[in-house]
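These notes are about the structure you will find just below.
Bear in mind that the values in this text are calculations on the coordinates, not laboratory data. None of these values were measured; they are calculated from a predicted model.
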Amino acid sequence: MHLQRIEDWDHILAPLKGLEGLSFIHEVPFVRLDRKAASLAAMSGDNWHDHVLRLVASWVAKGNSDEEIHILAAAHMLPSYTLEQTYAEVQKMISSARSKGFDNKPNSVAPASNPPLQQILTMVGDIEIKDPEYLIDGTIETPSLIGLIGPSGSGKTFVALDMAMSIATG
């Protein structure tokens, strides 16, 4: 079926429903975290990880130390978790929040800097033309990746072993 305009798809496909809150559909407004509601939801066991993660991020952004955050988070321990398991999980959340820049204190762990971009294109005039270096004279250049393809019984294994022995013996 040929369509003249993009809007014609609305008549063919049903509009997406239930996706109004996604950022690619509409701009999502900033909503401040209701710590009390998140705390109650976490203690009820309803999506514990998500709610505690939001709480930990808010405590990190507020400037709490790791010790203070662990004390606050201990009140949200699930009955099936031990104190050590909760501590380890919350510490991961704290480290992640700090590495993502939730903590704006000057002596905090700075977010990991991105490595410098590598040049992926080279101008033709900058290419150095030189003779190839061979791993096996006249057959395999360095660096290279090769594959031996042929019908069954055609001697691929023999050739591969011969090449391996040639490389091994120089």
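Want the number for Ile140 to Leu83: 0.36 nm per residue separation, take away the alpha-carbon distance, what's left?
Length difference between fully extended and current span is 14.6 nm.
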Karplus-derived 3J(HN,Hα), 6.51/-1.76/1.60, for each residue of the stretch 70-84, Hz, glycine and proline x: 5, 5, 5, 6, 4, 6, 10, 5, 6, x, 7, 9, 8, 4, 5
Report ³J(HN,Hα) in whole Hz for each residue of the stretch 56-64, in order, from the Karplus equation J = 6.51 cos²θ - 1.76 cosθ + 1.60 where θ = phi - 60°; Gly and Pro get x. 4, 4, 5, 5, 5, 5, 6, x, 5
